[in-house]
Every structure is written in structure tokens, then in C-alpha cells.
1. Taking the range 99-158 only, how many residues are part of a loop (DSSP other than H, G, I, E, B) and either among the aromatic types (Phe, Trp, Tyr) or in the same structural domain as TYR355 (by TED's automatic domain parsing) (or both)?
2. Say whether the condition of being in contact with a Pro (Cβ under 8 Å, 6 or more places away or on another chain) and either aromatic (Phe, Trp, Tyr) or at pLDDT 90 or above (or both) is met by at least one residue in the range 342-358.
3. Just a yes or no: is a residue in the range 25-40 within 20 Å of PHE249 (Cα to Cα) and at pLDDT 90 or above?
4. Out of ASN461, ASN437, which single residue is farther than 30 Å from ALA582 by Cα, outside the structural domain of VAL533 (by TED's automatic domain parsing) and either touching a His at 6+ places or on another chain (Cβ under 8 Å) or surrounded by 15 or more Cβ atoms within 10 Å (Cβ to Cβ) (or both)?
5. Pairs only if they're at least six apart or on different chains, beta carbon under 6 angstrom, first in the range 261-279 and surrounded by 23 or more Cβ atoms within 10 Å (Cβ to Cβ), second assigned to a loop (DSSP other than H, G, I, E, B) and not aliphatic (A, V, I, L, M); list them, first residue then second.
6. Give just the number: which of (1) at pLDDT 95 or above; (2) in a strand (DSSP E or B) does ARG81 not satisfy?
7. Just for the range 536-569: of the residues that are among the polar types (S, T, N, Q) and closer than 13 Å to LEU599 by Cβ, which one is modelled with the lowest pLDDT?
8. Before we move on, is ARG673 in contact with a Lys or Arg (Cβ under 7 Å, 6 or more places away or on another chain) and surrounded by 18 or more Cβ atoms within 10 Å (Cβ to Cβ)?
Amino acid sequence: MLKIRHSLFVLLLLITWAAQAQVPDTLKTYADTINYYRSTAKAIPELNSNKIEYAPSISADGRTMILESNRRGKYELFDSRLVNGKWSDPKPIDPINNFGDSTDLIGGPSISFDGNMLFFFASFRGGFGSEDIYYSIRDGETWTEPKNIGEPINSSGYEGFPSISADGKTMYFVRQNYNVLQDKDLAKLWENKACFSLYLSKKKKDGTWGQPELLPYPINKDCEKAPRIMADNKTLIFASNRLGGRGDFDLYQTQLTPIGDWKPPVALEFVNTKVADQFSSISAQGDLLYYVYDASEINSVEIPPQLRQFKNIIIQGYITDGKNGAGIAAEIVVSDAFTSGEIMTLSNNPNDGRYTVVLAVGSNYNIEIKKKGYTSKSLFFDLSNEHEYKEIDQDIQLYNTANLNLNIYDGDLFEPIQANIKVKEPGAANFLMQLENNPDGRITLDLPLGKVYEIIVDKENFDSKFFTLDVSDLVVYPEFIRDVEMLPHKRNIEINVADLVNNGKIRSKVRIRNRNRDEVIEVSGNETVALRVGDRYEIEATSDQGYAFNSTVIDVKPGGTEISSGDDAVGGVSVIGEGGSAKIQMNLQPLLVGANLTLKEILFESNSDQLNEVSFAELERVVELMKQNPGMKVEIAAHTDDVGSAAYNAALSNRRAQSAVKFLIEKNIPSDRFVAKGYGESQPIVPNDTEENKAQNRRLVLKILAI
């Protein structure tokens, strides 16, 4: 009855498929349909020799096959690659084959779906039983020396033909069945022969394997062999010589239900023949089944669409160090995007970082890649509308340092500034690093993960900044950006503008230009303004109430304010008070006939009448004064110190006065409004007994002739 049900079930599937696909019209019966698909089976000449080829195992991407063969006189493992649609000549895996001695049996390979681990059984000395299950890790194009998978999978008896699930959580394998066979006919047939049963072991949270469990009836009946779990983690194909089959060993398929039960096994009639058919392997694409025909030859056959496993998507690539590109070992956690329930946890190859994740279509997934001391990476895949096999390449870069990008700027002017940066751990006495940022205000600090850092930014005449960066726990993004606003120290400067003659306050405008940076402040006279400590300012006071201008240059220092050019004697400027605040008194000369206005910072090259560029600012003020007072005529008087002869100084001063007049004429001030005159050393305002006094005597004076 079971046989009849099974045949009807398979026939219905095949008839349904035949109605949808282009298959011969002559397939009228179940037998015709089975024979048609069985006829598509073919040997793979590149993989077969005149020896025995056994137990092929294929990676999820379908490009690597590991097989067992005695082509070199004993059973060993060989590696073949699919290149341009053809399998390469199998090469011996010598790190495994040469591990034991010449009498050892090595067989039953099972490559993990990601291609990074290879499980097999062997009779190496020092194991737990006659044959144990071992594993090896891919190392580039080769494999590492074998390691025993240990107890409880291995026992004092026989364990063989392992198969690892795509999620790495379940190991399927066989143990020898010492029980008396219940099927009497089979018992007679297999008298004095070994039978095997199928087991599974589940990986525990601590990474160790759990106690093996015997798969239930009717999967295990009497003599089973070679379990293969497919990429969907649900479809299990195994070989069995149970009664009702076509001949020797036949292939059967069962599937795990959502509630954790196994469906009754179904014979793969499109494969099975009168000889032994066993050792199935299907890539994640699910279109071809590789198997061993007649216990010696590797064949492939196309799987009818209705009998294929669930559709899968492969996510694959390399996990590498983002700085040097080297592969790193990481943990890959796959979870359901809607429920956040963990589906699987995988490891990639520790040598080159290669990983492969097999996901069923129709759902959404989150994948998190983690490694201690490195950043993590989260990926989202929407496979809800995918219906066919697909390979998605996704390389991952992780970083073991965090890049802290600082942008340091002036909080007042929003300009980049250079500052000192110090980094240390909390409570530490010494700094891990001390450095200065670039002129553009930027700098990137490369900080190892797993720590908390204190960052101090300071600059002379600015408030220091302090903040912490905590990268001691999980870090997703290695880039951090921090804008550091530095606030300058300031001193309050009260600027008073008064009449030079009677000291009365006058209405005025004060323009303050910072000579250290792009900053201009304009206020009315008799106001208090906050100026930056450490900077030099040029201050100009003007009035439209019939007054000349006055200017000075001051240095704002932490302990006080100093005038850098001119003084009260010649310029009508003085500083009153020190400490936290100061007053600057700027007296303006009334525009009266006969009044003298000493010009500030009018400089000439040594022994020359060529004006220095520093002089242009003050002369521009003269231009504005002449424009505001179109009826004013002035004398430009040049004076020198007593260095040199009186005649030479007189001629030099006259040329210098002419140079100043020339500048004013070029600014469109009519020439008839100026008289240039050089007085040489004849009119000193202080004795020429010091360098400072000589500098005061070298001056240009504006004398009002008419207004």
C-alpha cells in the first residue's frame, strides 16, 4: 500500500510538471515519465577514471566538488573545480591524505555549503573508534591538517559519512547498526554484512556538539547510508536498501516539517536503478543532483522542478580588514527581519575571510557580522519577491579602529583654526597622543576600538574643550565626526572719542579691524567692545562733525592692552586701566586752519622716498577726509630724524612729501588741494637721543591751510 501511494504521489507531481514543461508527448504512463528523467542521467567524464569514484560533495555555489577515490591505490580525498562549465581534473588533498599512514582509510567527504570546512571520516591512529569524523579548514587553495571532531559524535565504534547543514547547526552521519534486522528477507540478504543507521547531532550555544540522536522510523529501518542535508536545512536525501526499492541501494528524500517532524521518505524514482544509487549532492541552485552510480561512477541528473528543494539565495563574499585587506575570522548572525528571531550563526574562513550564507526565498533577513575588537556590519535582504536561485556578492570590510574626524573652528568667526589635541584614557596620567591639526581645522584620529577616550583640545587664548569617545562596546560605523567650537578669550575695551581741544565727547564712528584674521567691528564712539586676547587691532575713529580722523594699533594681551603705534603726545590716543578691562581715549582734531594731524604708520623704504604698503591704510583715510571736506586744502609736511646731513634730510623729506601727494592725486584728489613740503630734521618733536625718539621724529603731518 505504501508503495502504491508513493508511486501515485510522484506520478501526480511529474504529470503536473509535464503539463507545464516541454517534454515528449509519448510520456503516457508513470513508467514512461520515470524512464524519461532517468534517461537524462549521465556520467561526468572529467571526474571519473577507471577506478572507483565515491561520495561527491558540492559547495553551495556549485563550483567546488570534493570526492573520494582510490585512483592512487587507496581511498583518499580529491578536489575539483567547475571552470567554464567543465570540472577540472581532481587533485589530491595532500594535507589530509598524507596525515596518517598508507593503511588509513579516508572517505565520505562533506564540504560545508560555504566551502570553508571539509568534514570526512578516517581511520587515523589516536581516534576514539575504528573510524572517526574529522574536519579540515580551507587555507587558500588547500586545506589544513585534520582535526578530530571529538565526542560525543565520535564513539568507540564507527562513525562516517558526515553531512553538515547550511546553518552549521546540525551534523548528520552514520553509525553501525548492531541490532538484528527486522526485515527477515533483508537479514538473509545482508548476512555477515554491516548495516548502518542515520544520526544527527545539534550544536549547542557554547559551540560543542550535543548527544547524537537516532533519526526516527521510517527514515531508519534497517540499512541506511550516506545522509545528505540540502541547502534549505530541511531536505534530507539518503541511501537505503530497504525492500520495495528498485535494486541495491536507492536514494530517498524526506523533509522536515515546520513543527519538527520528518515526512515519510519518498524514493527518487527518476534516479534509482537496479544497481546501487547513493551519495547524493545538490548545489544550492537545486537543478542538478550528483550521485554515485553502481558504487563507482559519479553521475548527474536534472531534477524535475516539482521535486526540487526550496528555492535559495546565496549571499557570499569576503570579510576583510578594512585597512590592510587581509581576511579576518568573524561571526555571522542571520535573523528574521520581522521577528528578530535568530535563524543561524555561522563562521567564515579565518584565512581569507570567505563566507557564504544560504537563505530561502520569500522572507526578509538581517545579517550581522561581528568580531571582537572590530566594528560590526549589518545587512538587510528583502527576498520576499524572489522566486529563483540567485547569487549575491557582498564583500564586507570591518575596522579595528575608529576614525574620529575633528573639525576645529573659531566659535566667533566660524573660521578653521589650528589647535593642540591630546588623547588619553580616563584616569591615565600619560597621553596616548599629542598632536596639532591641519591649517584647515581638520584632523583624523585613528583610535583602537574597545576603549573609552578623553579628548582635550586647547589653544592659547581660547577656552579648552573636553569630551569623551566611547568605543568600548559594539561599534557599527568606524567614522565619527565632531565639530569643536573654540571660544576666544576676550577683554572689554571701552573706546572714548573726544575733542582734542576741549576733551568734550563727540559723535563719531569707530571701525576696528583685526590684523590677525578676517574680522571687522564697527561701533559708535564711547562704547565698550569685546576684543580677542592675543590679537592686534587697528582702530580708526572718524566724525562728520568737522573733525579729522584718528587711528591707532593696539595689542590685546592677557594682562593688559598696549598701543602699538602712536601715543598721546603725537596722536591723541592713550590707554587707561589694565587687567580685565581698559579704556582707550581717542581725541579728534577739529578741522581748523592751522591744525596739524600727524599721520600714523607712514613708512618709507630705508633712504628712499618709496612708500611702504603699510602706509596705504592711513593715506586712504586722508583720501576719505578730503572727499568729505571738498573745500579743504592741506600741506603734506615730511620730517626726518638727524641721521645724515641736514641738506640730505631736507631733500629726502621733500621727495617723501611729494610721494604722499602723488598717492592722493592718483586717488582723484585734485592737485591744487595739496602743498608738499619737506622740513628735514629741522622740527623734531622729541630729542633725537634714542631710537624710539628718532622714530617719532620720522613723520608725515597733515596741516590744514584752508577750509
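The values are calculated or read from the model by the stated rules, or taken from the named source; none is laboratory data. Since the model is a prediction, treat every value here as computed from it, not as a measurement. Backbone-built Cβ (ideal geometry, glycine too); neighbour counts: all protein chains shown.
1. So the answer is 4.
2. Quick first cut of the range 342-358, residues in contact with a Pro (Cβ under 8 Å, 6 or more places away or on another chain) only: none.
The answer is no, given that none of the residues of the range 342-358 is in contact with a Pro (Cβ under 8 Å, 6 or more places away or on another chain) and either aromatic (Phe, Trp, Tyr) or at pLDDT 90 or above (or both).
3. No, because not a single residue in the range 25-40 is within 20 Å of PHE249 (Cα to Cα) and at pLDDT 90 or above.
4. From the options ASN461, ASN437, the qualifying one is ASN437.
5. ASN272/ARG246; GLN278/PHE249
6. (1)
7. Step one: filter the range 536-569 for residues among the polar types (S, T, N, Q), giving 542-543, 545, 550-552, 561, 564-565.
The next check asks that each one be closer than 13 Å to LEU599 by Cβ; those that pass are 550-552, 565.
Working: ASN550: 91, SER551: 88, THR552: 89, SER565: 49.
This residue is SER565.
8. Working: in contact with a Lys or Arg (Cβ under 7 Å, 6 or more places away or on another chain): yes; surrounded by 18 or more Cβ atoms within 10 Å (Cβ to Cβ): yes.
Yes; evaluated as a whole, the condition is true for this residue.
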